[in-house]
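> Got a structure for you, written out below as structure tokens; questions coming shortly.
The values are calculated or read from the model by the stated rules, or taken from the named source; none is laboratory data. Bear in mind the structure is a predicted one, so any value in this text is a computation, not a measurement. Cβ placement follows ideal geometry from the backbone for every residue including glycine, while neighbour counts extend to all protein chains displayed. For accessibility, only protein heavy atoms count, side chains too; no ligands or nucleic acids. Shrake-Rupley method; radii C 1.70, N 1.55, O 1.52, S 1.80 Å.
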Amino acid sequence: MSDKALHNPHLKENPFKVPDGYFEQILACWTVRENILEEIREVPERKGDRFIRLLKPQLQLAAAFLILFGIGYALVTIIGKNKEAVRETEELSFLSEWSFRGFDHRMVSELVLEDFMEQQDHLDRIDPDIDDLVDYMNYPGFDPVDFHIETNNK
Amino acid sequence: MSSDKELYAWCESGQYERAFQEIVRLYSQRLYWHIRKMVLLHDDADDILQNTLLKAWTGLPAFRWKSQIFTWLYRIATNEVLTFLKKSRSVKQLPLEDRLNADPPLFNGDQIQKALQKAILRLPPKQRLVFNMRYFDEIRYEDMSRILGTSVGALKASYHHAAAKVQESLKELLL
């Protein structure tokens with residue numbers, strides 16, 4: 001095959017055929033039915049279609065916002081969970097580090113618990129009001145010796 | 001034979017039916033062959049031609065007559081063809097090459113013509129359009145530029161590229 005194959009005039013001939021009378025049929029189809037042509041052009045738009053067409057941009061915008069909000073919420077949730085997991089891991093690694101240094105894990109737990117109880121005691125301690133104390137001591141029948149003994153016993 | 005001026009005058013006076021019937025008489029065959037060379041099968045070409053004529057009829061009152069009517073019609077047909085080819089790809093229909101073999105009564109080309117059609121089928125759709133319009137229909141690059149909305153330089157480059165590919169494919173197919 002030479003490089004000039006495309007210059008062969010035979011190749012430019014049309015190899016396709018159409019069914020007999022096809023073009024006459026097309027002509028008849030589009031020229032006889034004048035009324036149908038008018039009907040084709042005047043197909044009214046349905047109310048529902050118009051409503052959807054008008055609202056489509058707004059709906060798309062709303063959907064885009066919803067998707068963005070969803071992505072943002074998911075990101076915040078995932079990051080929050082990760083932070084919590086990191087804190088728990090840090091606490092566990094602290095306990096394991098103490099255990100590694102030879103401390104019994106029960107002892108470590110007791111120390112932590114004791115520290116916690118001390119904090120609670122500190123929170124529960126109430127500073128007495130001086131006026132209340134004076135009233136109490138002026139109460140008839142109050143014996144300072146008994147008070148001292150009772151306080152020491154406690 | 002009616003010219004664009006006569007068609008324009010009919011449309012201006014509101015005689016759209018008369019103008020459109022003349023358009024169908026003048027251009028339906030050219031449009032059909034333009035479409036058929038792209039999609040190969042008669043049934044597909046017929047569907048696309050009907051859609052093209054329908055769009056031409058509904059769009060005729062809005063046509064501004066700044067370009068030739070045949071340029072406008074070719075543009076509609078070309079867009080319809082490209083849409084069809086895109087859809088055909090998406091629904092994974094049979095390759096056109098196989099479909100050509102399944103439609104022998106409406107294809108009576110000899111071996112070399114069949115090889116040429118197969119070679120053209122190997123081109124991407126837009127390059128195939130350019131090749132067909134230039135090689136078979138001998139449309140001027142300036143007119144093609146108006147139809148396809150591409151620069152003349154780009155069309156020339158595209159055609160020469162396509163012709164070289166077809167030449168290569170023909171060599172391979174006719175060995």
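> Find how much the distance from A:Ala85 to A:Tyr136 grows on full extension, using 0.36 nm per residue of separation minus their present alpha carbon separation; answer in nm with one decimal.
Answer, rounded to one decimal: 13.1 nm.
> Might you work out the accessible area of A:Glu84 for me, using a 1.4 Å probe with all protein chains in place, and round it to the nearest 10 Å²?
In the full protein context, A:Glu84 sits at about 100 Å².
> At most 14 other C-beta atoms within 10 Å and a DSSP loop state: those are the exposed trypsin sites (Lys or Arg not before Pro) I care about. Give me the longest piece of chain B that has none. Working shown, then result.
On the way: sites that count: B:Arg64, B:Lys66, B:Lys92, B:Arg140.
Longest site-free region, per DSSP loop and neighbour criteria: B:1-63.
> Please give, to one decimal in nm, the separation of the simple spin-label points placed at A:Leu61 and B:Ser88, each 7 Å out from Cα toward the Cβ.
4.1
> Could you tell me the calculated FRET efficiency between B:Val152 and A:Glu13, based on Cβ-Cβ distance and R0 = 30 angstrom, to the nearest 0.05? Write down the numbers at each step before the final one.
Values: r = 28 Å, r/R0 = 0.92.
Once rounded, the FRET efficiency stands at 0.60.
> Using only Cα atoms, tell me the angle between helix B:16-39 and the longest principal axis of chain B; keep it within 0 to 90° and round to the nearest 10.
Tilt of helix B:16-39: around 10 degrees.
> Now a separate question. Counting only protein heavy atoms and using a 1.4 Å probe, what share of the accessible area of chain B belongs to carbon plus sulfur, as a whole percent?
Carbon and sulfur atoms account for 50 percent of the accessible area of chain B.
> Within the set B:Lys87/B:Lys156; B:Lys5/B:Lys114; B:Lys66/B:Lys114, which residue pairs have Cα atoms separated by over 30 Å?
Values: B:Lys87/B:Lys156 28 Å; B:Lys5/B:Lys114 41 Å; B:Lys66/B:Lys114 39 Å.
Checking Cα-Cα distances, B:Lys5/B:Lys114; B:Lys66/B:Lys114 exceed 30 Å.
> Please give the helix B:69-90 orientation as an angle from the longest Cα principal axis of chain B, in degrees from 0 to 90, rounded to the nearest 10.
In chain B, helix B:69-90 runs at an angle near 40 degrees to the longest axis.
> Given Cβ point charges of +1 (Lys, Arg) and -1 (Asp, Glu) and nothing else, what value in debye, to the nearest 20, does the dipole of segment B:1-93 about its Cα centre take?
Details: 14 positive and 10 negative charges, 93 e Å.
Charge dipole, segment B:1-93, about its Cα centre: 440 debye, nearest 20.
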